[in-house]
Amino acid sequence: MPHRPLLENGRVSLEVIRPSHAAELELLLRENRRWLQPWEASHPSGLGAVPGSTSMKPSIKSMRAAWKRGTGLPFVIRYDHRVVGQLSVSEISGGALRSCQIGYWVSESVAGRGVTPTAVALVTDYLLGTRGLHRVEICIRPENQASLRVVEKLGFRHEGRRERYIFIDGAWRDHECFALTSEETRDGVVSRIVAGVRRADPNPDAPTP
């Protein structure tokens with residue numbers, strides 16, 4: 001049985017990633033290899049994880065270490081209590097910046113069910129509210145139309161393009177940068193989904209970066 005979720009809304013919930021999630025995530029990665037490969041970051045030297053590798057144990061260990069340092073916050077995403085993906089908060093900064101970045105992926109089997117927008121909205125409200133951060137950023141490849149519709153639906157503000165920003169699928173890829181600050185989200189981001197402030201989309205669930 002899953003642990004008590006940290007965040008939830010309707011059929012979507014998130015809980016902090018644990019070593020026991022490794023097997024479920026590895027299975028999802030194998031099943032969704034073709035779906036996820038175009039958006040997977042890798043090391044430009046070719047070192048590090050072997051392409052196609054689905055071992056999550058080293059990644060989970062690293063993400064939990066960042067969580068304990070206070071620089072990251074890694075979640076598994078559940079839909080109807082079943083693990084369907086992952087969302088990671090990284091580059092958490094305090095002091096005068098109080099900012100962070102969000103990245104995510106979900107199984108193709110739940111694409112189009114609003115899982116990703118709900119998960120991102122839940123985490124954004126948590127970060128800007130409970131955690132007291134000021135700014136949340138998401139960077140997305142311009143080719144990733146489905147993921148661009150996530151930030152559109154949630155009202156993230158476009159800040160511009162970062163050229164050759166992340167090494168993905170064999171090359172340095174441009175990314176569009178989107179952000180929200182606490183001043184822009186006083187009524188919460190989840191409420192934007194409930195109220196239908198942004199237009200609904202049939203498949204706003206592609207992974208990022």
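Hand me the list of helices (runs of 4 or more DSSP H) wholly inside segment 27-127 holding 2 or more residues that are basic (Lys, Arg).
Here the list reads 33-36, 57-69.
I'd like the full set of residues that are within 18 Å of the chain's Cα centre (by Cα), within 12 Å of Val136 (Cα to Cα) and open to solvent by less than 70 Å² (accessible area, probe 1.4 Å), limited to segment 156-188.
Result: Phe156, Cys177, Phe178, Ala179, Leu180, Thr181.
Let me confirm something: among Ile166, Ile138, which residue is part of a strand (DSSP E or B), modelled with pLDDT of 95 or more and of a type in the set (A, V, I, L, M, F, W, C)?
Result of the check over Ile166, Ile138: Ile138.
Among the numbered criteria (1) of a type outside the set (Val, Ile, Thr); (2) modelled with pLDDT under 95; (3) touching a His at 6+ places or on another chain (Cβ under 6 Å), which single criterion is violated by Ser182?
Going through the list (1) of a type outside the set (Val, Ile, Thr); (2) modelled with pLDDT under 95; (3) touching a His at 6+ places or on another chain (Cβ under 6 Å), Ser182 breaks only (2).
For segment 60-74, check the following and say yes or no: at least one residue is in contact with a Ser or Thr (Cβ under 6 Å, 6 or more places away or on another chain) and modelled with pLDDT of 95 or more. Full working, then the answer.
First, pick out the residues of segment 60-74 that are in contact with a Ser or Thr (Cβ under 6 Å, 6 or more places away or on another chain): 72, 74.
When the remaining residues are screened for being modelled with pLDDT of 95 or more, the result is 72, 74.
Checked against the condition, which is being in contact with a Ser or Thr (Cβ under 6 Å, 6 or more places away or on another chain) and modelled with pLDDT of 95 or more, segment 60-74 yields at least one hit.
Looking at Ser99, Ser62, which is the one that is crowded, with 16+ Cβ neighbours inside 10 Å and more than 14 Å from the chain's Cα centre (by Cα)?
From the options Ser99, Ser62, the qualifying one is Ser99.
Restricting the first residue to segment 159-188 and requiring it to be over 20 Å from Asn144 (Cα atoms), which pairs with a second residue that is open to solvent by 30 Å² or more (accessible area, probe 1.4 Å) and of a type in the set (Val, Ile, Thr) meet a Cβ separation below 6 Å and a spacing of at least six or different chains?
Filtered contacts from segment 159-188: no entries.
Restricting to segment 119-155, count the residues that are among the charged types (D, E, K, R) and either within 13 Å of the chain's Cα centre (by Cα) or on the phi > 0 side of the Ramachandran plot (or both).
To start, the set of residues in segment 119-155 that are among the charged types (D, E, K, R) comprises 125, 131, 135, 137, 141, 143, 149, 152-153.
From what's left, either within 13 Å of the chain's Cα centre (by Cα) or on the phi > 0 side of the Ramachandran plot (or both): 137.
Residues flagged as among the charged types (D, E, K, R) and either within 13 Å of the chain's Cα centre (by Cα) or on the phi > 0 side of the Ramachandran plot (or both) within segment 119-155 amount to 1.
Return only the number of the condition from (1) open to solvent by less than 10 Å² (accessible area, probe 1.4 Å); (2) of a type in the set (A, V, I, L, M); (3) under 14 Å from the mean Cα position of the chain (by Cα) that Val110 does not satisfy.
(3)
The values are calculated or read from the model by the stated rules, or taken from the named source; none is laboratory data. Remember, it's a predicted structure, so these values are computed and weren't measured experimentally. A quick note on method: Cβ atoms are made from the backbone with ideal geometry, for glycine too, and the neighbour counts reach across all protein chains shown. In case anyone asks, the SASA skips ligands and DNA or RNA and just uses the protein heavy atoms, side chains included. Shrake-Rupley method; radii C 1.70, N 1.55, O 1.52, S 1.80 Å.
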